[in-house]
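Just below is one structure, and these are the notes that go with it.
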Amino acid sequence: MPFDPESKGGVEATVKIAKADLVPSDANLLPAYGSFAGLEEACRAFCERVNGRVHRETAAVPADRLAAEREMLHPLPDEPYALALGDERLVGDDQTVRFGSVRYSTPPGHAGTRVWCRAAGEELVITAAPGAARARSPGTVCRCRAARPSATSITRTILAGTGRASRGRGRGPKPRPRSWLS
């Protein structure tokens, strides 16, 4: 619980126990895992062992308590809570969306649709709303590298579907000379 120092130790103790039983070290003499699947199997075996024995505080086996508690739980909704997907935005006619003072490009076919944008580390994740173009349920439309504010993050392959991509050998539009008088 936040601001409850007594409950902090319980969470830290769980992590300490898992590290001691799973992470190879000189103290526990565990061999290094050959693959991620090996670590995954070790985690599964650890959880079965820990959740299959009688808990000291509750005097019950956690796996048995979970089975009893599942009868009281309601099913999760089909659609995620919208706030978890990020901020809602409208994709413009130019296949871009603005988020955090930056214009990001989206794949063709999403102009005029509502999407959700959220920052995830160094990336911006754009998720399509249900019923939008190419989306039956909320799913990732694209991931873009986060750009600095007031910049643009336009991908050339995405612009190819809009008819705004440059023609020729990958160069930009041909500059036209102008004078101050024209």
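The values are calculated or read from the model by the stated rules, or taken from the named source; none is laboratory data. The structure displayed is predicted, hence computed values, not measured ones. FYI the Cβ positions are ideal-geometry reconstructions off the backbone, even for glycines, and counts take in every protein chain you see. Note: accessible area is taken over every heavy atom of the protein model, side chains too, but ligands, DNA and RNA are not part of it. Shrake-Rupley method; radii C 1.70, N 1.55, O 1.52, S 1.80 Å.
Among the residues examined, residue 113 qualifies as polar (S, T, N, Q), farther than 26 Å from residue 148 by Cβ and open to solvent by less than 50 Å² (accessible area, probe 1.4 Å). Just name the residue that is farthest from residue 155 (Cα to Cα) out of those in the range 66-93 that are open to solvent by less than 40 Å² (accessible area, probe 1.4 Å) and part of a loop (DSSP other than H, G, I, E, B). Residue satisfying both the conditions and the ranking: 86.
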